[in-house]
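To start, the structure under review is shown below, and the notes come after it.
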Amino acid sequence: MSDKLVMPGEQLSTVEELLPGEGTFEENGVIRAARLGFYIIDQKRRCAQVQPITSIPVIINKGDTVLARVAMAKSSMIIADVIHVIGKDRSVSGETDSTIHAKEIAQGYIKDASTEYKVEDIVRAKVIQTTPSVQLTTKDKHLGSIIALCSKCRHTLVKKGNQLECENCGNREHRRIADDYGEVDVTKL
């Protein structure tokens, strides 16, 4: 094990000795550092790794739970921008456009996706696909809208029984909401 600081491109080992791991690449049988960081040898997997000095941008992966802001609601799908990966401190890097198809909104049949989420709603969702495009699901009871705005006056809707109500204008609306709607502190996600 080593905690040697290495520069990008620096030779670490050879493929005869170790496998290339995270933060490294192989070039003509030589394992090199792909980033500035500390050279580590994973003895269990017999691979060379470079741990970054600074935190690296968050890449969306299959299985991640994310927060997404609804950008467009169509009858067949919801188009949303992934704004945060839950449990990560840095902003999301790379592709953030995502879709939630009507069949991925809830367990039962959804005739029109635009009746379940509206533009600017913040939705907690799970990533089910990342390539060729980011696909989300909200089928689980802990997934769904965690913040919804009134379609008339844009104030936050409050959960009253099984409905959402605007305390400003009295408008009542339906959303596919998470089981903890109204109780979520988004600054702690």
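The values are calculated or read from the model by the stated rules, or taken from the named source; none is laboratory data. Keep in mind it's a predicted model, so treat the numbers as computed, not measured. So basically every Cβ, Gly included, is an ideal-geometry build from the backbone, and we count neighbours across all protein chains shown.
Per-residue answers, yes or no, for (1) within 9 Å of the chain's Cα centre (by Cα); (2) among the polar types (S, T, N, Q); (3) assigned by TED's automatic domain parsing to the domain that holds Glu16:
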{"position": "Ile41", "(1), (2), (3)": "no, no, yes"}
{"position": "Lys44", "(1), (2), (3)": "no, no, yes"}
{"position": "Ala48", "(1), (2), (3)": "no, no, yes"}
{"position": "Gly63", "(1), (2), (3)": "yes, no, no"}
{"position": "Arg69", "(1), (2), (3)": "no, no, no"}
{"position": "Ser75", "(1), (2), (3)": "no, yes, no"}
{"position": "Ile86", "(1), (2), (3)": "yes, no, no"}
{"position": "Arg90", "(1), (2), (3)": "no, no, no"}
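Against the conditions (1) within 25 Å of Lys188 (Cβ to Cβ); (2) out of contact with any Gly (no Cβ under 8 Å at 6 or more places or on another chain), Thr138 satisfies every one except (2). Number of residues in the stretch 118-174 that are small (Gly, Ala, Ser) and within 20 Å of Val85 (Cα to Cα): the value is 5. Considering the conditions (1) without any contact (Cβ under 8 Å) to a residue 40 or more places away in the chain; (2) more than 12 Å from the chain's Cα centre (by Cα); (3) under 15 Å from Leu143 (Cβ atoms), Ser98 is excluded by exactly one of them, (2). Taking the stretch 139-175 as the range and being more than 19 Å from the chain's Cα centre (by Cα) and either among the aromatic types (Phe, Trp, Tyr) or within 11 Å of Arg124 (Cβ to Cβ) (or both) as the test, no residue passes.
May I ask you to verify whether Ser98 is buried (at least 18 other Cβ atoms within 10 Å of the Cβ) and closer than 29 Å to Thr54 by Cβ? Against the criterion (buried (at least 18 other Cβ atoms within 10 Å of the Cβ) and closer than 29 Å to Thr54 by Cβ), Ser98 qualifies. Residues that are surrounded by 14 or more Cβ atoms within 10 Å (Cβ to Cβ), over 18 Å from Leu189 (Cβ atoms) and either in the same structural domain as Ala80 (by TED's automatic domain parsing) or hydrophobic (A, V, I, L, M, F, W, C) (or both) within the stretch 141-168 comprise Leu149, Cys150, Leu157, Val158, Leu164, Cys166, listed in sequence order.
Taking Glu183, is it without any contact (Cβ under 8 Å) to a residue 12 or more places away in the chain and farther than 19 Å from Asn61 by Cα? So Glu183 passes the test. If I filter the stretch 14-42 down to residues being farther than 23 Å from Thr54 by Cα and among the polar types (S, T, N, Q), which single residue comes out as surrounded by the most Cβ atoms within 10 Å (Cβ to Cβ)? This residue is Thr14. Being without any contact (Cβ under 8 Å) to a residue 40 or more places away in the chain and of a type outside the set (Ser, Thr, Tyr) is the filter; apply it to the stretch 54-75 and report the residue that is farthest from Ile122 (Cα to Cα). Going through the qualifying residues, I end up with Ile56.
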